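*Asks:* This structure is in structure tokens; I'll ask about it shortly.
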Amino acid sequence: MFEAEFTGDWVFADGEWHQEIYDPYELDPAAIVETGADVPIPGCPTGAGLAILLAGISNDRVPDATVLDRIVGYERLAAWAAAGQARALAELTRRRTATDPNELPYAVEEVSLALSCSRMAAGTKVNLALDLTGRLPATLDAWEQGRICQSRARILSEGSTRLSAEDAAFVEGQLLAQAEKLSPSRLKVKVAALADSLDPREIEDRHADAAQGRKVIREPREDGMACLWALLPADDAAAVWAAITARSEQGRHPDDTRTADQRRADAFTDLARLYLTGATNIDPDTGQVGVAPRVPAWAQVQVKLDAGLLLGTSTEPAQLRGHGPIPASMAIRLAADAQWQRIIYHPKTGALLDVGTTRHDPPPALREFVLARDGTCNWANCNQPRVDLDHLIPYPAGPTAAHNLDAKCRHHHRTKQRWNFTSVRHPDGSSTITTPTGHTYTHPARDHRPPPARKPRPDKPTHEPCRPGHDDDPPPF
């Protein structure tokens, strides 16, 4: 148990020499504190012994210096535990991919379900574990000994990803000792500079590879706000910035009290809305100007609201798909706009009452219902909005009906079809996944109601009820 905690001394016992092991069970932390002796946290090797020592000492019984030692000790202990998890992750992955490298995504899926994290987060853990156990074993040892933290281990790994195993080992040998003292930001600069000097590719090739990672991401924020950011080639980013800035300055008048940031934010959304209405759109096939684009079903803006909200009898916040709660005024505005899709649910059960649409080319009603019911991929820990409709019992043995259809992203659709994964949907709408190890994970049914309010809301409605002519259909929908 304490093999990694060899003190460096040898003892002679039972007729032979043995490594002297640091045994925390022989310590009485309370007695150490009572006698006023220094608690030997810094000298305790990282591992199970340190965990026991830290657990046996109370913060309120030691001086400030020892409290600080405990903070550092827990940091070392966290590094030891995380590095141990990395070794286990690498072992599981190697077992799964020993005969078929294509099993890697499904090993990641097992980890995602077991840790209740996203597939991306699980993949990041697995990739780091494989890299450290394969190319950078000294970095993993330093991490396990608590000499570096996970951030520094990841910087050494990710910073040398583009290098050969030999060059990565050189980077490790040059910078690992410095990593113990440098801040993560400074270490990242040093790793990048050394990797650049070792990378045999020209800058054009490196840029072409980096451009493959371009993307746009939307992140929900509080109070009906969201964050939208993009990773772009520098010239494209400059073009977008120039367009937004030019739009923000166009027609500006002296009475405009908005800040420069607010004007650019408004210009950004103005350009997007103009495109959606066709005002700035050029059809790529016909060249016709002013044609509104066809928005894919998975990318459409969808708002879920209590039926009483449209009647003016409720003040519960509505839900915007992919975001979360939004103010009632925003929901009413979206529900009255023919470009958005409204999803109306029962306020007490959370069940769907109506799926409305006025789009020109609507998909079949059943598909609309299932997509509205599930919202995103129905696999545990997945929120991918771009989904397939999966027959839980394969057709024709299973019917094409709502109770036999499940929304799943393409990856989880394929995962469910594998012989060693099973997915079952229960009558209450929840689903259970069974993995190759026999572990089961149950994903609850989606409740379309907003989270409960922390304080009672006023009975007085905060807006006028929708009337015929303000929406596509008058109540009761």
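*Asks:* Looking at the structure I just gave you, is residue 185 out of contact with any Asp or Glu (no Cβ under 6 Å at 6 or more places or on another chain) and either among the hydroxyl-bearing types (Ser, Thr, Tyr) or modelled with pLDDT of 95 or more (or both)?
*Replies:* yes
*Asks:* Residue 414 fails exactly one of the following numbered conditions: (1) more than 25 Å from the chain's Cα centre (by Cα); (2) within 23 Å of residue 375 (Cβ to Cβ). What is the number of that condition?
*Replies:* (1) is the only condition that residue 414 fails.
*Asks:* Taking the conditions exactly as written (over 28 Å from residue 42 (Cβ atoms), surrounded by fewer than 22 Cβ atoms within 10 Å (Cβ to Cβ) and among the small types (Gly, Ala, Ser)), does residue 169 satisfy them or not?
*Replies:* Here the answer is yes, as residue 169 does meet what is asked.
*Asks:* Can you pull out the residues in region 196-217 that are touching a Leu at 6+ places or on another chain (Cβ under 6 Å) and either modelled with pLDDT under 85 or part of a loop (DSSP other than H, G, I, E, B) (or both)? Can you show your working first?
*Replies:* Within region 196-217, the first condition is being touching a Leu at 6+ places or on another chain (Cβ under 6 Å), and the residues that meet it are 198, 214-215.
Answer for region 196-217, where residues must be touching a Leu at 6+ places or on another chain (Cβ under 6 Å) and either modelled with pLDDT under 85 or part of a loop (DSSP other than H, G, I, E, B) (or both): just 214.
*Asks:* Pick from 129, 88: which is modelled with pLDDT of 90 or more, under 30 Å from residue 167 (Cα atoms) and crowded, with 18+ Cβ neighbours inside 10 Å? Before you say what the answer is, go through the steps one by one.
*Replies:* Values: 88 fails: crowded, with 18+ Cβ neighbours inside 10 Å.
The unique qualifying residue is 129.
*Asks:* When the residues of region 425-446 are filtered to those that are surrounded by 17 or more Cβ atoms within 10 Å (Cβ to Cβ) and β-branched (Val, Ile, Thr), which remaining residue is nearest to residue 401 (Cα to Cα)?
*Replies:* Among residues in region 425-446 that are surrounded by 17 or more Cβ atoms within 10 Å (Cβ to Cβ) and β-branched (Val, Ile, Thr), the one nearest to residue 401 (Cα to Cα) is 433.
*Asks:* Another question, then. Quick check on region 381-427: of everything there that is small (Gly, Ala, Ser) and assigned to a loop (DSSP other than H, G, I, E, B), which residue is modelled with the highest pLDDT? Quick ask: steps written out before the conclusion?
*Replies:* First, the residues of region 381-427 that are small (Gly, Ala, Ser): 397-398, 401-402, 407, 423.
If we keep only those that are assigned to a loop (DSSP other than H, G, I, E, B) too, we end up with 397-398, 401.
Details: 397: 78, 398: 75, 401: 75.
Checked region 381-427; the qualifying residue modelled with the highest pLDDT is 397.
*Asks:* Let me ask another. Specify the residue that is surrounded by the fewest Cβ atoms within 10 Å (Cβ to Cβ); the eligible residues are those in region 211-236 that are over 27 Å from residue 383 (Cβ atoms) and not acidic (Asp, Glu). Before the answer, list the steps.
*Replies:* Filtering region 211-236 for residues over 27 Å from residue 383 (Cβ atoms) gives 233-236.
If we keep only those that are not acidic (Asp, Glu) as well, we get 233-234.
Numbers: 233: 13, 234: 9.
Looking at the filtered set, the residue picked out is 234.
*Asks:* For the subset of region 97-111 comprising residues that are crowded, with 17+ Cβ neighbours inside 10 Å and charged (D, E, K, R), which member is farthest from residue 379 (Cα to Cα)?
*Replies:* Going through the qualifying residues, I end up with 103.
*Asks:* Among (1) closer than 19 Å to residue 263 by Cβ; (2) touching a residue at least 24 places away in the same chain (Cβ under 8 Å), there is one condition residue 218 misses while meeting the rest; what is its number?
*Replies:* Condition (1) is where residue 218 drops out.
*Asks:* Among the residues of region 51-87, write down those that are within 14 Å of residue 129 (Cα to Cα) and free of Cβ contacts under 8 Å to residues at least 40 places away in the same chain. Quick ask: steps written out before the conclusion?
*Replies:* Our first condition is that a residue be within 14 Å of residue 129 (Cα to Cα); within region 51-87, this holds for 79-87.
Selection gives 81 alone.
*Asks:* Oh, and also: Considering region 117-141 alone, what residues qualify as being out of contact with any Asp or Glu (no Cβ under 7 Å at 6 or more places or on another chain) and over 24 Å from residue 103 (Cβ atoms)?
*Replies:* The answer is 141, and nothing else.
*Asks:* Continuing with the same structure: For region 374-412, name all the residues that are of a type in the set (Asp, Glu) and under 17 Å from residue 109 (Cβ atoms). Give the steps one after another, and end with the answer.
*Replies:* Filtering region 374-412 for residues of a type in the set (Asp, Glu) gives 374, 388, 390, 406.
Once the filter is applied, which keeps residues that are of a type in the set (Asp, Glu) and under 17 Å from residue 109 (Cβ atoms), region 374-412 yields 388, 390, 406.
The values are calculated or read from the model by the stated rules, or taken from the named source; none is laboratory data. Here the structure is a predicted model, which means the values were calculated and not measured. Cβ sites come from the backbone with ideal geometry, for glycine too, and all protein chains shown count toward neighbours.
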